[in-house]
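Participant: Below is a structure I'd like to ask you about.
We did not get these values from a lab; they are worked out from the coordinates using the rules stated. Note that the coordinates shown come from a computational prediction; the quantities given were computed from them, not determined experimentally. Note that we place each Cβ from the backbone using ideal geometry, even for glycine, and neighbour counts take in every protein chain shown.
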């Protein structure tokens, strides 16, 4: 089967920038710890809102990947979509009661733009049993859930809205496994989809660097900002080698693994940034900050390594590679936990995890080049 090759258009890059703005606004939900700890409700709201925003990005990205040819109506509905994203991002706050209605309304408008695009495609195909018809059915169900959320807000049932959002996320994530129809995988451009995910992730890394610039104090030079920079840099290097260099992009696949893993990749990058900001703040619970950093780094590396099934033919992750990755991760965790109140131990331990895994992946890449 021929692999569908599709270039990423400049308008898509603009679209990604707006969504990364929305993701960056999420830090407002976890940027004000109480006693050095992020309140559990704020953390839960952060995770759910992250999944909602990333899922919104994916709905439109999937449409563009499968059918988008950037006709006039694609541009018009993309603009409506982006305006809704900006409004949605600006609703994000600690006060869920005031945020819920405009947030869910913006999400509903955003999803309706994608549903209209799929409807135009289904009309062209004179069929509702293909991928376009599947997507319309899924979006119709998800939109109905958001309508219910909006009605609950209007009826002052705000406490239920966040759980309705959870249902919407889970429905959008798992319905594609049950509503299949006659899905033709050849309509998916795997190289285009990988490039879109790479761009979103790279911009997220850029936002992480911007968020950590306050470490670089020109009036008080220390090694702390250098260590912080190299933690993020080696995470970025690990991602690039794993996703861009070791994976075979020229393939025909529905790419569900790629999609799900990137939810956690983007969220874990943001949580690493949050952990570093907590350490930088005056009020620090070292156990919480250390636990958040350790869990976020483990999720990041598990998520990028989930795509090892898409390696090129001459590359295989061996049992020795996995053991080495586990060992350097455990070594870094040990340094963080043994010296749990020491800032340098926190950063050096994190760097052991990120640099160690980066070096293992780099050796794997160099090995495949020499064959």
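Participant: One-quarter of the Cα convex hull surface for region 1-91, in nm²? Numbers along the way, then the final one.
Facilitator: Working: hull surface 30.2 nm².
For the Cα atoms of region 1-91, the hull's average projected area reads 7.6 nm².
Participant: Of 154, 88, 293, which has the largest mean-square fluctuation in a 10 Å C-alpha GNM of the chain?
Facilitator: Of the options given, 154 has the highest mean-square fluctuation.
Participant: Arranged by the count of other C-beta atoms within 10 angstrom, fewest first, what order do 40, 93, 268, 135 take? The partial results should precede the final answer.
Facilitator: Details: 40 8, 93 14, 268 22, 135 27.
Ranking 40, 93, 268, 135 by Cβ neighbours within 10 Å, fewest first, gives 40, 93, 268, 135.
Participant: Taking the chain as a Gaussian network, where each spring joins two C-alpha atoms under 10 Å apart, which residue of 103, 221, 205 fluctuates the most?
Facilitator: 221
Participant: Shifting gears a bit: Please work out, to two decimal places, the log10 of the ratio I(q)/I(0) at q = 0.29, 0.32 Å⁻¹ from a Debye calculation in which every Cα of region 127-175 carries one identical scatterer.
Facilitator: Normalising to I(0) and taking log10 leaves -0.99, -1.09.
Participant: When a footprinting reagent is the concern and you count Cβ atoms within 10 Å, what order do 277, 12 take, fewest first? Spell out each step's value before the answer.
Facilitator: Values: 277 18, 12 21.
By the 10 Å Cβ count, ascending, the order reads 277, 12.
Participant: For a footprinting-style exposure proxy, rank 368, 79 by other Cβ within 10 Å, fewest first.
Facilitator: Details: 368 16, 79 13.
Ordered from fewest to most neighbouring Cβ atoms within 10 Å, 368, 79 come out as 79, 368.
Participant: Now for a different question. Along each principal axis of its Cα atoms, how long is region 150-272 end to end? Whole angstroms, biggest number first, please.
Facilitator: That gives 60, 50, 14 Å along the principal axes, largest extent first.
Participant: For a quick check, take a GNM of the chain with Cα springs below 10 Å and name the residue from 186, 219, 24 with the largest mean-square fluctuation.
Facilitator: Looking only at 186, 219, 24, the biggest GNM fluctuation is shown by 219.
Participant: Hey, another quick one. If I model a spin label at residue 90 and residue 287 as a point 7 Å from the Cα along the Cα→Cβ vector, what separation in nanometres do I get?
Facilitator: Distance between the two pseudo-spin positions: 4.2 nm.
Participant: Take the Cα atoms of region 190-370, build their convex hull, and give its volume per residue in Å³.
Facilitator: Per-residue hull volume (Cα only) is 110 Å³.
Participant: Residue 83 label point, 7 Å along Cα→Cβ, cut-off 20 Å on backbone N: hits in region 15-43?
Facilitator: Residues 15-22 fall inside that zone.
Participant: Using only alpha carbon positions, build the gyration tensor of region 1-44, then give the equivalent ellipsoid semi-axes as the square roots of 5 times its eigenvalues, largest first, whole angstrom.
Facilitator: Values: eigenvalues 288, 39, 7 Å².
Output for region 1-44: semi-axes of 38, 14, 6 Å.
Participant: With angles folded into 0 to 90 degrees, how steeply does helix 343-370 sit against the dominant principal axis of the chain? Use alpha carbons for both and round to 10.
Facilitator: 60
Participant: Still on this structure: If I fit a long axis through the Cα atoms of helix 286-305 and take the longest principal axis of the Cα atoms of the chain, what angle between them do I get, 0 to 90°, rounded to 10?
Facilitator: On a 0 to 90 degree scale, this one is about 50.
Participant: Between residue 229 and residue 120, 0.36 nm times their residue separation minus their Cα-Cα distance comes to what?
Facilitator: Numbers: separation 109, 0.36 × 109 = 39.24 nm, distance 4.66 nm.
Extra length from residue 229 to residue 120 when fully extended: 34.6 nm.
Participant: Ignoring everything except DSSP H segments at least 4 long, calculate the 222 nm mean residue ellipticity for the chain; use -39,500 (n - 2.57) per segment, divide by total residues, nearest 500.
Facilitator: That calculation yields -25000 deg cm²/dmol at 222 nm.
Participant: Okay, moving on. Multiply the residue gap between residue 72 and residue 128 by 0.36 nm, knock off their C-alpha separation, and tell me the result in nm, one decimal place.
Facilitator: On the way: separation 56, 0.36 × 56 = 20.16 nm, distance 2.33 nm.
Net length gain for the segment: 17.8 nm.
Participant: Another one. Taking the Cα-to-Cβ direction at residue 167 and at residue 250 and moving 7 Å from each Cα, how far apart do the two end points lie in nm?
Facilitator: 4.8
Participant: Now for a different question. Suppose the Debye formula is applied to equal point scatterers at every Cα of region 101-140; what is log10 I(q)/I(0) at q = 0.18, 0.21, 0.27 Å⁻¹?
Facilitator: With no solvent term, the Cα-only Debye profile gives -0.47, -0.59, -0.80.
Participant: By how many degrees, 0 to 90 and rounded to 10, does the Cα axis of helix 319-338 deviate from the longest principal axis of the chain?
Facilitator: 60
Participant: Once you have the Kirkwood Rh of region 10-187 from its Cα pairs, apply Stokes-Einstein at 25 °C and 0.890 mPa s and quote D in µm²/s. Please list the in-between numbers first.
Facilitator: Details: Rh = 16.9 Å.
Stokes-Einstein gives a translational diffusion coefficient of 145 µm²/s.
Participant: I need the calculated FRET efficiency for the pair residue 185 and residue 209, taking r as the beta carbon distance and R₀ as 41 Å, to the nearest 0.05.
Facilitator: Step by step, r from the Cβ atoms, then E = 0.65.
Participant: Same structure, new question: Please report how far the C-alpha centroid of region 1-74 lies from that of region 298-371, rounded to the nearest whole angstrom.
Facilitator: Taking the Cα centre of region 298-371 as reference, the centre of region 1-74 is 26 Å away.
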